[in-house]
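As structure tokens, the structure follows; a few thoughts come after it.
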Amino acid sequence: MGQRLIELFDEAGFPPGVVNLVHGIGEEAGEALVRHPDVDVV
């Protein structure tokens, strides 16, 4: 389902990098994302 949502954003013309799909275990991936200085919004 997540992959299809990304495809719809792409088809709608969203620029690359505006919406990203990140795979991983919730706690591990989430922790890395919220603490990374280059990630503005989760």
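Laboratory data are not the source of any read-out in this text; all were calculated from the coordinates shown. Keep in mind it's a predicted model, so treat the numbers as computed, not measured. FYI the Cβ positions are ideal-geometry reconstructions off the backbone, even for glycines, and counts take in every protein chain you see.
Karplus-based coupling profile of region 28-42, in residue order and whole Hz: 5, 5, x, 4, 5, 5, 5, 9, 6, x, 8, 9, 7, 9, 10, with θ = phi - 60° in 6.51 cos²θ - 1.76 cosθ + 1.60 and x standing for Gly or Pro.
Here the dipole of the chain is about 40 debye; that uses its Cα centre as origin and unit charges on the Cβ of Lys and Arg (positive) and Asp and Glu (negative). Each distinct pair of alpha carbons in the chain adds a 1/r term; the inverse of their mean, the Kirkwood radius, is 11.5 Å.
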